[in-house]
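The values are calculated or read from the model by the stated rules, or taken from the named source; none is laboratory data. The structure presented is a predicted model; accordingly, all values stated were derived computationally and were not measured. Glycine gets a Cβ as well: all are built from the backbone with ideal geometry, and neighbour counts include every protein chain shown. Quick note on the areas: whole protein, heavy atoms, side chains included, nothing else; ligands and nucleic acids left out. Shrake-Rupley method; radii C 1.70, N 1.55, O 1.52, S 1.80 Å.
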Amino acid sequence: MPNLAKETLQAGEPGRFEAVKQRPKLAYTEAVTDDGGLKYQNLAQIAAAANQNKVGLVATNIGRVQSSMPGEGENVERFERRQRKLLNRLFQALQVEVDSPKSAERLEDIKEIEGENLLSDAKRWSESHPSHFFDFKKDDRLYRSFAMPADAPGSINVLAREVVNPLWEPTRIRSRDRHEFRYLFPKDELSVDALEWAEELKTRFQQARDEIQERVGEDRDAFNEELGKLYDSYRAEINELFPTPEERFEGAAALWYTQHTRPEMDRHRRDCLALAEQMDTTFALQHGYEVPSESLPRDAYVLSVPFGADAIRWKETLEQKGIQFDAMIHPQLPMVEFALKDIPPRLVEKLEAKFGKNVNDLDELRVPDDLRIIPPADHTWAESRQDSGVGALAYNLLTEEVCQQLQAFQFDEIKVLGIRHNDFAGENFASKQWRNQSVSVQVGEFELPESHPEYYRYNGTPIVQIDDKNLGTFSPDTPKLPIGSSFEANLRPEGSSVVLKLNPDSIQLPELVLPDAESVQSSELDRDQWRREMFSGLVIAVATTYEQRRSGDSEIAQFKVGDKWTAYVQPTGDFIVRNEARRTICRGNLHTGEETVLLSEDYADELRRMLVEIELSAQDREASANNRVNHKREGMQLT
């Protein structure tokens, strides 16, 4: 409300913008072309034109321009003059477009506001003065992957996160591989003809889509329009090939089956690992680096490590040293990119010296022609930029049949794999003990020690259990139940796997527990407790240093806290800590522990990073001393 109040003028106050002029209406029957002829020849043309206007486009541009802020170093007065002038033009254009049902005049016709160039001028303005609210309001990743950016001081940018719902946090939503949903349609009764048609359509679609992409380039609207026409042609083909509901259902089942086939990944994994052995670890500063968890690109130091054991060791080392990072799969090479956050300058120098000159040249590497970047199964902690893909043809062409099957779908069997590698490895499930016996089954969470060679592959994944003992994991092609579920089932051995015949009435799903106000308050208390602990640690460090360095009882002692902060201590115990810009970090008293100027969470986090750097420096000195005896250094060490 305070932000809205600032935008609202009281009655009688002078306006900040020019008054909007009511323009005379131009009848559609009187509108003429440049050569003097009638612009609209009949009623149908008039009806179509009356419904075509740019009200939404102009209004959005008004919002963008009004919420934009001057760039760094830009002259504020000049910015405001240009902004006001552009807004005045847009306001006049909006009035004309609103009158479109009654008037044939459009914003392009108005010379006074340079209507022909207005929208392009507004676009250029928005590109040079972006408004996060408008840039991300239709981004499907918003609040799934990141919150609305609130860096800019303009109120509209902070509205969604700080005013509407301060507790709204992004939740990463990741798609499961589409082949895991193949079970939705039965495949046992599919005819060869239906499967061949589905495979042929899938190939045709991939080729046609690639041709459209090459033809329209980056024009997303044109791409969607062409794709829609392609779908329409396929729908006409399906109506002709499958005239009855039964035949359409078979076509839907065949298309679903081909669209949800498990891709061949093992060979690509082997190829990636073989290529990774030829490659070197690299380190460089990358400008405008993008990570899925953040909306805006940033400059980041990126450590790129080839797939394999080295990548896992680097992950563990960075975590042990308290260095935050985003781990991403390189889009073209079998490497993990560690985008490092707040890395100390001393470590930047070390990594640049060791890896800064390394380059992996695609022209020199032996890269298979059809290489797909598929990481090892124990690299699931690194996020891929590639889309896992959806069964677009099945969803778009046979939507009704897919919906009907989803509504009617029931399952009573689950296939479990990995029996020989878990607690029931020596059990004979074909024996009388298990035959026709109903057992209680739970879905638990696979827990492995970090030292286990399969830790990164399986730890935390769902696992089927009997009496708290691990039976095995869900087959990729079988329905799944969430962790915490339980049910009764009969077991049937099937090769090295087991099929569970469920009693549907016995299925118990876990209750969904939503965070309440008390849990949110508890989280806030935890953060405040951590901040207080950081302040207490700072008080102890300042007091210890003060006792070591003070030379008399009447002087104010001054000494560094890390590389960037300075502490000033009076004989009374009152102290203040300032940063390089002489801004106060915190203030308090060493004797009482009182905190008169709070240490903010951001400064507490900065203090934590300084402590990590000090610890690394100490380890570095120790390592240097050891090097006098043993000059061999491990490539994974940061210090």
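Annotations for the structure displayed:
- Here, segment 175-284 is characterised by an Rg to Rh ratio of 1.11, where Rg is the alpha-carbon radius of gyration and Rh the Kirkwood radius.
- Proximity of backbone amide H atoms, modeled 1.01 Å from N, is registered between ILE463 and GLY444, GLU445, PHE446 at under 5 Å, excluding neighbours fewer than 5 places apart on the same chain.
- A dipole drawn for the chain from +1 and -1 charges on Cβ atoms has a positive end, and of CYS403, GLY308, SER497 the residue lying farthest that way is GLY308.
- Separation of the GLN386 and LEU296 label points, Cα + 7 Å toward Cβ, nm: 3.2
- 3J(HN,Hα) along segment 585-592: 7, 6, 9, x, 10, 5, 6, 9 Hz, from the Karplus curve 6.51 cos²θ - 1.76 cosθ + 1.60 with θ = phi - 60°, whole Hz, x for Gly and Pro.
- In Hz, Karplus ³J(HN,Hα) per residue of segment 455-468 (6.51, -1.76, 1.60; θ = phi - 60°; x = Gly, Pro): 4, 6, 8, 10, 4, x, 7, x, 9, 7, 10, 10, 6, 6
- With Rh defined as the Kirkwood radius, the inverse of the mean 1/r over Cα pairs, the Rg/Rh of segment 229-317 is 1.27.
- Kirkwood Rh in Å, taken over segment 297-417 so that all alpha-carbon pairs contribute: 18.1
- Inter-label distance, ASP280 to TYR455: 3.0 nm, where each label sits 7 Å from its Cα along the C-beta direction.
- Burial order of peptide ranges 450-456, 179-185 (average beta-carbon count within 10 Å, highest first): 179-185, 450-456
- Listed by chain and number, the lysines placed with their C-alpha closer than 17 angstrom to that of LYS102 are LYS21, LYS25, LYS39, LYS54; residues fewer than eight positions away on the same chain are left out.
- Across segment 535-549, rounded Karplus estimates of 3J(HN,Hα) from the backbone phi angles (6.51 cos²θ - 1.76 cosθ + 1.60, θ = phi - 60°) give 5, 4, x, 5, 4, 4, 5, 5, 5, 4, 5, 4, 5, 6, 10 Hz, Gly and Pro being marked x.
- Expressed as a whole percent, the accessible surface of the chain that belongs to carbon and sulfur atoms is 48, based on a 1.4 Å probe.
- Here is the result for segment 397-442: no GluC sites (Glu not before Pro) lie in DSSP coil with at most 16 other C-beta atoms within 10 angstrom of their C-beta.
- Computed over all pairs of different Cα atoms, the Kirkwood value for the hydrodynamic radius of segment 35-78 is 14.3 Å.
- If the convex hull is drawn through the Cα atoms of segment 267-313, its volume per residue in Å³: 104
- Sequence of MET69, MET148, MET265 from largest to smallest accessible area, 1.4 Å probe: MET69, MET265, MET148
- Legend: translational diffusion of the chain by Stokes-Einstein, Rh = Kirkwood radius over C-alpha pairs, 20 °C, 1.002 mPa s; D = 67 µm²/s.
- Per-residue ellipticity at 222 nm, computed for the chain from helices alone with -39500 (n - 2.57) per DSSP H run of at least four residues, works out to -12500 deg cm²/dmol.
- Under a model in which nothing but the beta-carbon of Lys, Arg (+1) and Asp, Glu (-1) is charged, the chain shows a dipole of about 1460 debye around its Cα centre.
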